[in-house]
Amino acid sequence: MPIDHANDVPNGATVLVEALAMGKPIIITEADTNYIDVEKEGVGLTVKRHDVDGWINAINFLVDNPQKVKSMGENAYLLAKSKYNDQSFANNILMQMKHVNN
């Protein structure tokens, strides 16, 4: 997910969650709006904005480390299943609605 510019919108959030659910390792552009630290969670790599060499290095890392790719993919699927799932999403909406109504 090569994000081009900074703003207050979590760019790429849908693609990120879809990649997690599919059990795919993630390469994402560093942004303040990233709500998942993919490196800390063990599901992917983060690249600085406009860092072409960083993207090349991240892609090469995944190509050269199939066992790490497998591990990141498994971690991604488990994270989606345990934390970023439909129940969690529904609970978040419910909490937001309660907050607005109070």
- Query: Looking at Gly42, Gly23, which one is outside any helix (DSSP H, G or I), in contact with a helix residue (DSSP H, G or I) (Cβ under 7 Å, 6 or more places away or on another chain) and touching a residue at least 40 places away in the same chain (Cβ under 8 Å)?
  - Reply: Gly23
- Query: All but one of (1) in contact (Cβ under 8 Å) with a residue 40 or more places away in the chain; (2) of a type in the set (Lys, Arg); (3) open to solvent by 100 Å² or more (accessible area, probe 1.4 Å) hold for Lys98; which doesn't?
  - Reply: (1)
- Query: Would you say Ala21 is modelled with pLDDT under 85 and not hydroxyl-bearing (Ser, Thr, Tyr)?
  - Reply: no
- Out of segment 11-29, which residues are open to solvent by 20 Å² or more (accessible area, probe 1.4 Å), among the aliphatic types (A, V, I, L, M) and more than 17 Å from Asn85 (Cα to Cα)? Ile27
- With respect to the numbered conditions (1) exposed (fewer than 14 other Cβ atoms within 10 Å of the Cβ); (2) outside any helix (DSSP H, G or I); (3) of a type in the set (D, E, K, R); (4) at pLDDT 95 or above, which one is the sole condition not fulfilled by Asp32? (4)
- Query: Which one of these does Val38 not meet: (1) of a type outside the set (Gly, Ala, Ser); (2) in contact with a Ser or Thr (Cβ under 8 Å, 6 or more places away or on another chain); (3) open to solvent by 50 Å² or more (accessible area, probe 1.4 Å); (4) within 17 Å of Val17 (Cβ to Cβ)?
  - Reply: (3)
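Give segment 79-95 a look and list any residue that's open to solvent by less than 100 Å² (accessible area, probe 1.4 Å) and either part of a helix (DSSP H, G or I) or farther than 15 Å from Ile28 by Cβ (or both), or say none.
Of everything in segment 79-95, those that are open to solvent by less than 100 Å² (accessible area, probe 1.4 Å) and either part of a helix (DSSP H, G or I) or farther than 15 Å from Ile28 by Cβ (or both) turn out to be Leu79, Ala80, Ser82, Lys83, Asn85, Ser88, Ala90, Asn91, Asn92, Ile93, Leu94.
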- Query: In segment 48-78, how many residues are in contact with a helix residue (DSSP H, G or I) (Cβ under 8 Å, 6 or more places away or on another chain), of a type in the set (Lys, Arg) and either in a helix (DSSP H, G or I) or open to solvent by less than 60 Å² (accessible area, probe 1.4 Å) (or both)?
  - Reply: 1
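The values are calculated or read from the model by the stated rules, or taken from the named source; none is laboratory data. Nothing here was measured: the structure is a model prediction, and the numbers come from that model. Note: ideal-geometry Cβ built from the backbone for every residue, glycine included; neighbour counts use all protein chains shown. In case anyone asks, the SASA skips ligands and DNA or RNA and just uses the protein heavy atoms, side chains included. Shrake-Rupley method; radii C 1.70, N 1.55, O 1.52, S 1.80 Å.
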